[in-house]
Amino acid sequence: MLIRRASDILPSEITPQSVYAQRRRLMLQAAASAAALGLTGWANRQAFAADAGPSGAALPGARNDEFLVMDKPASWRDITQYNNFYEFGTGKTDPARYAGAMSTRPWTLDVEGEVLRPRTFDIDDLLKLAPMEERIYRLRCVEGWSMVIPWVGYSLEKLISKVEPTGNARYVEFVTAVQPDAMPGVRGRVIDWPYVEALRLDEARHPLTMLVFGLYGHVLPNQNGAPLRLAVPWKYGFKSGKSLVKIRFTEKQPQTSWVKTAAHEYGFYANVNPNVDHPRWSQATERRIGEDGFFKPKRQTLMFNGYADQVASLYQGMDLKANY
Amino acid sequence: MPPASPSRPLPGQPAPLRIAGIPLAAAKTLFFLLGLVPLARWIWLGMTDGLGANPVEFLTRSSGTWTFICLLVTLANTPLRVLLRQPLLIRLRRMSGLFTFFYACLHVMTYVWWDQWFVIDSIVADVIERPFIALGFVAFLTLVPLAVTSTQGWMRRLGPRWRALHRLVYLTGLFAILHFWLHRAGKNDLQDVFIFGGVLAVLLGWRIWRRFRLL
């Protein structure tokens, strides 16, 4: 058996007397800093909870009574703390945590492809392109939850008419921002970045399809897709691209991100449809955020998310099960 | 011969049972309290408005995660016992297994209650139609006989068959990781699946390696 003798211990291994004498103080300091860290987190959380109302620069819009849903809107806090924005991470709270680092000024939007007047718009021009309207839309996520959200913006058609699509234009592709330094999610390979979505031209020109700049009368928070995003209320939420940098008019149907990633789960059309299930769950019901809690069953999902009267005609004669 | 312990017993007295120097009774109490931490955290978050915008989704996912963690802790018992030469760790195994079952019950309940609202027809249809749900359901079913036969009485009654029956837990692990993989596969978000699957593979792989080495 090997037994260490006292002489085996190197002088460098011995704690110096001065440090040894401070051992209680050092431990206290360590404990105090740990406690301070914990308390800072707690204090921020309290401050945050108290400050849950709308914030940021004002961006009012005139109420458009044609587009008001009478359901109760979700709270500012829920809308801004529960997001899918995979550029910032796949967790629902990741966007709120990280999106602050995204730079939204200067910002331009390229409009190109099958148009007579391709153009690069500055965000300030877009803000003045048409009068701001407030519209309260339902948003149904493909994951089975929904929110009611007061958006501020105008119909995408206002922009489309400015650039004059050619006769060849049949689809509109929406390309979203990639800022690797600010977006921890794009370093992963969940999606082939940038995130790309698309609509048929007639869907894009539908008055319900909205270019959104604000929320609850304030400029869009970054995690909700600042400085401009889409809202297509009769389709699952992932069709409404955030932080748009390019709109391209095409003749062929564009390859969209979720179709590329999992075509058997997410289709090009992605119309809200209670009769066509997702492979992993039923789409017949949904949980309304801020409304349906622990003691209420989920509510029935409506065909085209309740917008059937306005949009069902777009899909006349089409097999919606095949074109999910 | 009694297991080696740091403090040598006086001659004639039985050696106190210890795990890494901690008296067994204290270790069991600590382990029990540790097992309650996830539950305590949910209650705390619930009371402080901390469950987020979709509390049902949070609790469903969190209970699934903790079920899996408890399962891995249970499966880690034997390897740790052997590698750390702490034979008394076996005395914590039943408790970790029962915690796995406890959190699995809560996880299933989040689905049966909040997702399906106890509608039996729709649950049956869901289980039949969706491999994702079916795998989770089967994983849960494999845990039931293990929990039922976890008592001393059943161990005695089943004799050598008890060990064979409890090898079912390896299947629980496989079903659970497939369930988790299907949950994340659609969104291509597999980092956590690799972490849990990696630990599971090491724990099961160690058993295979040991078996063939010993043969």
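All of the numbers you see were taken from the coordinates with simple rules; none came from a lab. From a predicted model like this one, the values you see are computed outputs, not experimental measurements. Virtual Cβ from ideal backbone geometry, glycine too; neighbours counted across all protein chains shown.
The figures follow:
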item: Calculated FRET efficiency for the pair A:Arg105/A:Arg187, C-beta based, R₀ 25 Å, to 0.05; result: 0.55
item: Charge dipole magnitude, Cβ of K and R +1, D and E -1 - the range B:130-215, Cα centre, debye nearest 20; result: 500 debye
item: Scattering curve values for the protein assembly as shown, log₁₀ I(q)/I(0), Debye with Cα scatterers, q = 0.13 Å⁻¹; result: -1.34
item: Fewest-first sequence of B:Ile177, B:Ile123 by Cβ atoms within 10 Å of each Cβ; result: B:Ile123, B:Ile177
item: Computed over the range A:53-315, Cα set: Rg, Dmax in Å; result: 17.3, 55
item: Mean ellipticity per residue at 222 nm, deg cm²/dmol - from DSSP H runs of n ≥ 4 across the protein assembly as shown, formula -39500 (n - 2.57); result: -13000 deg cm²/dmol
item: Charged-residue dipole, Cβ positions (Lys, Arg, Asp, Glu), chain B about Cα centre, Debye nearest 20; result: 1600 debye
item: Dipole axis of the range B:18-214 (+1 Lys, Arg; -1 Asp, Glu on Cβ), positive-most option in B:Thr78, B:Pro55, B:Trp181; result: B:Thr78
item: Cβ-based exposure ranking for A:Ile149, B:Ile128, in which fewest neighbours within 10 Å come first; result: B:Ile128, A:Ile149
item: Cα gyration tensor of chain B - equivalent ellipsoid semi-axes, whole Å, descending; result: 35, 21, 17
item: Net charge of neighbours whose Cβ lies under 10 Å from the Cβ of A:Tyr236, counting Lys and Arg as +1 and Asp and Glu as -1; result: +2
item: Dipole axis of the range A:53-315 (+1 Lys, Arg; -1 Asp, Glu on Cβ), positive-most option in A:Ala169, A:Leu126, A:Leu68; result: A:Leu68
item: Listed residues B:Ile195, A:Thr90, B:Val112: farthest to the positive end of the dipole of the protein assembly as shown (Cβ charges); result: B:Ile195
item: Dipole magnitude of the protein assembly as shown about its Cα centre (Cβ charges: Lys, Arg +1; Asp, Glu -1), debye to nearest 20; result: 3520 debye
item: Residue order, fewest to most beta carbons within 10 Å, for B:Met155, A:Met147; result: B:Met155, A:Met147
item: Greater than 25 Å apart at Cα, pairs in A:Lys235/B:Lys187; A:Lys260/A:Lys298; A:Lys72/A:Lys158; A:Lys72/A:Lys260; result: A:Lys260/A:Lys298; A:Lys72/A:Lys158; A:Lys72/A:Lys260
item: Potential extension, A:Ala262-A:Glu66 segment - 0.36 nm per residue separation minus Cα distance; result: 67.0 nm
item: Residues of the range A:138-152 with amide N under 18 Å of the 7 Å Cα→Cβ point at A:Glu291; result: A:138-151
item: ³J(HN,Hα) computed for each position of the range A:208-215 - Karplus, 6.51 cos²θ - 1.76 cosθ + 1.60, integer Hz, glycine/proline x; result: 5, 5, 10, 8, 10, 10, x, 8
item: Antiparallel bridge percentage (DSSP; both residues within the range A:53-315; nearest 5); result: 85 percent
item: Span-like helix ranges in chain B, DSSP H, alpha carbon extent 15 angstrom or more, Kyte mean at least 1.0; result: B:24-47, B:131-148, B:168-185
